[in-house]
Amino acid sequence: MVLYNVTVSVTQTSANDWVKYMMEEHIPEVLATGHFRDFRLCHVQGEAEGGVTFAVQYMAHSAEAFETYQRDCAPALQADHQSRWGSHAVAFRTVLPLIAEGHPTAGFDPQKN
């Protein structure tokens, strides 16, 4: 599987409207493509010059599903985002192929690792 991470720096004045747009429009449109199994929307803590930073993470069903999304769906969705938000929401995208996923096993002690 592939984790697709989109980090977005949003102006302070646009942040609430951007989150509403993402939750009500953009994320549902991305999931409706059928290439992703789920998403996470996170607030990135720390200093952000003049804005608020978010990370939107989508887990693709497979590398092939992600490639199809990138080829067939992403250009239009990204163009829509850009036309709506322009310089008020600037995105940086990373692709992270998944090595492992799950929960620690019983008796796991991170202090000993």
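First measure r as the distance between the Cβ atoms of Asp17 and Cys73, then evaluate 1/(1 + (r/R0)^6) with R0 = 25 Å and state the FRET efficiency to the nearest 0.05. Don't skip to the end; give the middle numbers.
Working: r = 24 Å, r/R0 = 0.95.
Here the calculated transfer efficiency is 0.60.
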Just to confirm the number: angle between the C-alpha axis of helix 63-72 and the first principal axis of the chain, 0 to 90 degrees, nearest 10?
10 degrees
Work out how much length Glu25 to Val95 would gain on full extension: take 0.36 nm times their residue separation and subtract the Cα-Cα distance, in nm to one decimal.
23.0 nm
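At 222 nm, what value in deg cm²/dmol follows for the chain if DSSP H runs of at least 4 each add -39500 (n - 2.57) and the sum is divided by all its residues, to the nearest 500?
So the calculated ellipticity at 222 nm is -8500 deg cm²/dmol.
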Packing-based ranking, highest mean first, of 18-28, 87-97 given that Cβ atoms within 10 Å are counted
18-28, 87-97
So if I restrict to the alpha-carbon atoms in the chain, what is the Rg, and what is Dmax, the biggest pairwise distance, in Å?
16.0, 50
To the nearest 10 degrees, how steep is helix 74-85 against the longest Cα principal axis of the chain, on a 0 to 90 scale?
50 degrees
What does the net charge come to around Asn5 if you take all other residues with beta carbon closer than 12 Å to its beta carbon, with K and R at +1 and D and E at -1?
+2
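Quote the relative contact order of the chain in percent (integer), defining contacts as alpha-carbon pairs under 8 Å separated by 6+ residues. Provide the component values of the computation, followed by the final result.
Details: 146 pairs, mean separation 48.2, N = 113.
Dividing the mean separation by the residue count of the chain yields 43 percent.
None of the figures in this text is laboratory data; all of them are computed from the coordinates on show. Because the structure is a prediction, the values reported are computed rather than measured. All Cβ positions, even for glycine, are placed from backbone atoms using ideal geometry, and neighbour counts span all protein chains on display.
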